[in-house]
Amino acid sequence: MTIDIRKCALNVTLLLKLFCGTVVWMVLSVASSTAQSASTVIDRLVEMGFENVAEGETSAGRVIVLENSAWKLDQVGIRAALETIGADMTRDSKPCRVIVLNNNVPQISLYCDPATAIGDSLTGVAPSQWTVSYRLGGVWKEARQLEPANRSLYKVDIAVFPEFQFRNIKLQKPYDILLNLSPALRISLWKGMMLTAQVVVPIYNSGYDRSYYSKVRPGYLVLAQQFRLPRAWFMQASVGCFNQFRWGVDLRAFHPFANERFALLMRVGTVGSSTFWNWKWHYTWPKDWIASVGGQYYIPRFNLQFNVNAGRYIMGDYGVRVDMTRHFRNASIGVYAQRTTKIDINGGFHFTIALPPYRYKRNKGFRFTTADYFQLEYNAAAYDREGAVCRTDPGENWSQNNFNPYFIKSGLVR
């Protein structure tokens, strides 16, 4: 099936104007009505650029809620927040729990009781004295009622993603090379909901089909809803246009066990083909199932992560993949091995590098910056789609490690 985008453009112009006007109104409303807190700590955190910041008293003591929008690396941002919070804590202070959000959804919590943590010091709590966990300490029902300052809703990010592809499939030429710069617009529509719309801008093409890869074209167009269920079940549902020339629906689940070194990974979805060609969207209805189930194990001493997944891939082949990834402060480097019913044995390496600037702040609800990471995976067998899965976000991280409690803790003890 095809849809003529030129004909649709005239019909959607008024809708786009209405949408843009609504977004501008929302941004201005948020900027003019940001909640102010009487707490000095909250004021400092907001001034530093943290969003969705709140403070209150619960049955278990003091609680602070925040979302890191000031530092590109969550590990660094959380440490900066704890330095600010801990500077005002004394031996007589109440126990404090800090809940860290991502798009308004709680991810991890950090806990400290100054009476037992400070030791001989009379003022201040160092970041190393906080414990980190996926568990929220039973206070989220009370904490979610707090009025936040510097809300993230309706704020706009434009992030530029560098994309580099290469392949070695020709005897007469070592490598085909493709380089794109692909800006993506992101808007947080409500709690846990993110709209991502991307445009692919070709920069260099040597060896790839010029009739397609050398043209400006849409990239990801996705609505993704995050939510957290009781007992630390993290879920995400996505619908839209993904990579690998696919569109459809995707549902993922992540569940850490009581021993948080171990976690369960699950995914299921259905996809159809999706290609933008000559301003027309060519697609088939989703009918191909993708699914996987696996596990994760983390070794805190080395920040070393092992992932094992078995499932069905986008080409209908079944297989198993094993990843080993070492995490550093600004980068992650890993290797993998894979076997499927179509490609037998394959393997390679992948790496993820954080891109500067590492600190940023929105200006009146708008921010223009580089992507969080540059990522690359080398495929030794040079298969394009066999053994492959769809990625539902241009910034999707292979390691899925941003809020791992052991990784966060490693950044607090330095």
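Some notes on this structure:
- Entry for the chain at q = 0.07, 0.10, 0.12 Å⁻¹: log10 I(q)/I(0) = -0.37, -0.75, -1.07, Debye formula applied to identical alpha-carbon scatterers, no solvent contribution.
- The chain: DSSP helices with Cα axial extent of at least 15 Å and average Kyte-Doolittle hydropathy no lower than 0.5: 5-32
- Across all C-alpha atoms in the stretch 196-326, the radius of gyration and Dmax reach 17.9, 53 Å.
- Taking a straight Cα-Cα cut-off under 16 Å and skipping sequence neighbours fewer than 8 places away in the same chain, the aspartates and glutamates within cross-link reach of LYS287 are ASP250, ASP317.
- Summarising the strand pairing of the chain, around 95 percent of its internal DSSP beta bridges are antiparallel.
- Kirkwood Rh, angstrom, the stretch 52-131 [1 / mean 1/r, Cα pairs]: 12.8
- With θ taken as phi - 60° and the Karplus curve 6.51 cos²θ - 1.76 cosθ + 1.60 applied, the whole-hertz 3J(HN,Hα) list for the stretch 178-187 is 9, 10, 10, 10, 10, x, 10, 8, 10, 9 Hz, x standing for glycine and proline.
- Solvent-accessible area, 1.4 Å probe, carbon plus sulfur percent, for the chain: 61
- Residue-normalised accessible area of the chain, expressed per residue, 1.4 Å probe, Å²: 49
- Simple label model, 7 Å out from Cα along Cβ direction - TYR358 to TYR175, nm: 2.7
- The value of relative contact order for the chain, using C-alpha pairs under 8 Å at least six residues apart, is 14 percent.
- Sequence-ordered 3J(HN,Hα) estimates for the stretch 222-232 from the Karplus curve with 6.51, -1.76 and 1.60 and θ = phi - 60° stand at 9, 9, 10, 10, 9, 7, 10, 9, x, 6, 6 Hz, glycine and proline given as x.
- Interchain or long-range residues, amide H under 5 Å from THR392's placed H: none
- Note that the stretch 154-215 carries a Kirkwood radius of 13.5 Å, evaluated over its alpha carbons pair by pair.
- With contacts taken as Cα pairs under 8 Å at a separation of at least 6 residues, the stretch 69-114 carries a relative contact order of 30 percent.
The values are calculated or read from the model by the stated rules, or taken from the named source; none is laboratory data. Note that this is a predicted model, so its numbers are computed, not measured. Here the Cβ is made from the backbone with ideal geometry for all residues, glycine too, and neighbour counts use every protein chain on show. Only protein heavy atoms, including side chains, enter the accessible area calculation; ligands, DNA and RNA are left aside. Shrake-Rupley method; radii C 1.70, N 1.55, O 1.52, S 1.80 Å.
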